[in-house]
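**Q** This is the structure, below, for whatever I ask next.
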Amino acid sequence: MNTNLMLGVPDIDHQHSELFRSFEHLISADMSEDVISDILSRLTLQICSHFAAEERFMASLMLPDSMLHDHHQAHQKIVEDLTQIHLDTMCGQETPVEKMISKVAHSVSNHLVVYDLELKAYIQ
Ligand SMILES: [Fe+2]
Ligand SMILES: [Fe+2]
């Protein structure tokens, strides 16, 4: 992963790089319709478990309450968007899976730059 995107917190950096590996892998994989739901479930689980770990880490920092709140809201928004994508596919919306994954990858990497890197200033 690009070192500019690293927080300097090994566990969190590792999770970020694993997430980007998953995105790359999923975007390049040739997937049949019947595995999409399973893939989206696993991706949602990976993202949710990263967000939970990051929020536990954030709780150990001296962050302003508003920052904690906004960051949490931003995590929720990504999970909601992912849930909506999942629902859309279950309802038969035929968006190519790599396009959906690219959209999620884009919002997660944007989140990393806007919210996660902001934590750097609070890490000793
Ligand atoms: Fe975050
Ligand atoms: Fe993160």
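None of the figures in this text is laboratory data; all of them are computed from the coordinates on show. Only a predicted model underlies this, so the values are computations on that prediction, with no experimental measurement involved. We place every Cβ from the backbone using ideal geometry, glycine too, and count neighbours over all the protein chains shown.
**Q** Can you compute the FRET efficiency between ALA53 and ASN110 using 1/(1 + (r/R0)^6), with r the Cβ-Cβ distance and R0 = 22 Å? Round to the nearest 0.05.
**A** Using R0 = 22 Å, I get an efficiency of 0.65.
**Q** For helix 10-28, what angle does its Cα long axis make with the longest principal axis of the chain, in degrees from 0 to 90 and rounded to 10?
**A** For helix 10-28, the angle is close to 20 degrees.
**Q** Rounded to the nearest 10 degrees, what's the angle between the helix 33-59 long axis and the longest principal axis of the chain, both from Cα atoms, 0 to 90?
**A** Once rounded, one gets 10 degrees.
**Q** Can you sort VAL35, VAL104 by how many other beta carbons sit within 10 Å, fewest first?
**A** VAL35, VAL104
**Q** Continuing with this model, one more query. Counting just the Cα atoms, what span does the chain cover along each of its three principal axes? Round to the nearest Å and put the largest first.
**A** In descending order, the Cα extents are 46, 27, 18 Å.
**Q** Rank these for me by crowding, TYR122, TYR115, going from fewest to most other beta carbons within 10 Å.
**A** Sorted ascending by nearby Cβ count, the order is TYR122, TYR115.
**Q** In addition: Which order do VAL9, VAL97 fall in if you start with the one that has the fewest other Cβ atoms within 10 Å?
**A** The order, fewest Cβ neighbours first, is VAL9, VAL97.
**Q** Between GLN124 and LEU45, what is the FRET efficiency for a Förster distance of 30 Å, r being their Cβ-Cβ separation, to the nearest 0.05?
**A** Computed FRET efficiency for GLN124 and LEU45: 0.45.
**Q** Give, as a single signed number, the net charge of other residues whose beta carbon lies under 15 Å from the beta carbon of PHE23, with Lys and Arg counted +1 and Asp and Glu -1. Working shown, then result.
**A** Details: positive: ARG21, ARG42, LYS99, LYS103; negative: GLU18, GLU24, ASP81, GLU98.
Around PHE23, the charge tally is 0.
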